[in-house]
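Before any comments, here is the structure.
The values are calculated or read from the model by the stated rules, or taken from the named source; none is laboratory data. These numbers come from a predicted model, not from an experiment. Cβ: placed from backbone, ideal geometry, glycine included. Neighbour counts: every protein chain shown. We work out accessible area using only protein heavy atoms, side chains counted, and drop any ligands, DNA or RNA first. Shrake-Rupley method; radii C 1.70, N 1.55, O 1.52, S 1.80 Å.
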Amino acid sequence: QVHLVESGGGLVQTGGSLNLSCAASERAFGSNGMGWFRQAPGKEREFVASILKNGRTYYLDFVKGRFTISRDNAKNMVYLEMNNLSPEDTAVYYCAAGRAYFFGPSDFDYWGQGTQVTVSS
């Protein structure tokens, strides 16, 4: 079954903003944490941000201060607000859910299909 569906990706200029959304199944949203990962061509999937049931948030250093992760528990939704985007942010962004004790992809059990974010120079 599809448990996570991302949306909101697109093409934006350097310095612009995009807001990503992730619609989660009740099962996936019941995980300890929700997260966002990204993967650029030829690179490994990397942690971007996560938000736990207790509300704690964690961010990749490179996005800290620019990206904001949030969740709406009433709607089973997770969001990623991205500001001041750089070409370095270009990647496929994936919504994920899982134990989220750590920041590696292996600690997340559910994955969306990804949404492309392209930041032009």
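The ratio of the alpha-carbon radius of gyration of the range 1-49 to the globular-protein estimate 2.2 N^0.38 Å is 1.35. Sorting 77-89, 5-17 by their mean Cβ neighbour count within 10 Å, with the most densely packed peptide first, gives 77-89, 5-17.
Each Lys or Arg adds one and each Asp or Glu takes one away; over the other residues whose Cβ falls under 13 Å from the Cβ of residue 86, this sums to 0.
The calculated Kirkwood hydrodynamic radius for the range 51-121 is 13.4 Å, given to one decimal from all distinct C-alpha pairs. From Cα pairs below 8 angstrom and at least 6 apart in sequence, can you work out the relative contact order of the chain, rounded to a whole percent? That works out to 36 percent.
Carbon and sulfur atoms: what percent of the 1.4 Å accessible area of the chain do they account for? The C+S portion of the solvent-accessible surface of the chain is 47 percent.
Mean residue ellipticity at 222 nm from the helices of the chain, using -39,500 (n - 2.57) per DSSP H segment of n ≥ 4 over the full residue count, to the nearest 500 deg cm²/dmol? Don't skip to the end; give the middle numbers.
Values: 1 runs with 4 residues, N = 121.
Estimated from H runs of four or more residues: -500 deg cm²/dmol.
From the alpha carbon gyration tensor of the range 29-85, can you work out the equivalent ellipsoid semi-axes (sqrt of 5 times each eigenvalue) and give them in Å, largest to smallest?
Numbers: eigenvalues 84, 35, 21 Å².
The answer is 21, 13, 10 Å, longest axis first.
Can you give the accessible area per residue of the range 39-121, in Å², using a 1.4 Å probe?
Working: 4610 Å² over 83 residues.
Normalised by residue count, the accessible surface of the range 39-121 is 56 Å².
Across the range 34-50, coupling constants 3J(HN,Hα) worked out from phi with the 6.51/-1.76/1.60 Karplus curve, θ = phi - 60°, read 10, x, 10, 10, 9, 9, 9, x, x, 10, 6, 5, 10, 5, 10, 6, 8 Hz, and Gly and Pro carry x.
Give the value in nm², to one decimal: projected area of the alpha carbon convex hull of the chain, averaged over all directions. Walk me through the numbers on the way to the answer.
Values: hull surface 27.0 nm².
For the chain, the mean projected area of the Cα convex hull comes to 6.8 nm².
The local environment of residue 37, defined by Cβ-Cβ distances under 12 Å, has a net charge of -1 under the rule Lys, Arg +1 and Asp, Glu -1.
Each residue of the range 78-95 is assigned a 3J(HN,Hα), and the resulting list reads 10, 10, 9, 8, 10, 10, 6, 5, 10, x, 5, 7, 4, 4, 8, 9, 10, 8 Hz, derived from the Karplus form 6.51 cos²θ - 1.76 cosθ + 1.60 (θ = phi - 60°), x at Gly and Pro.
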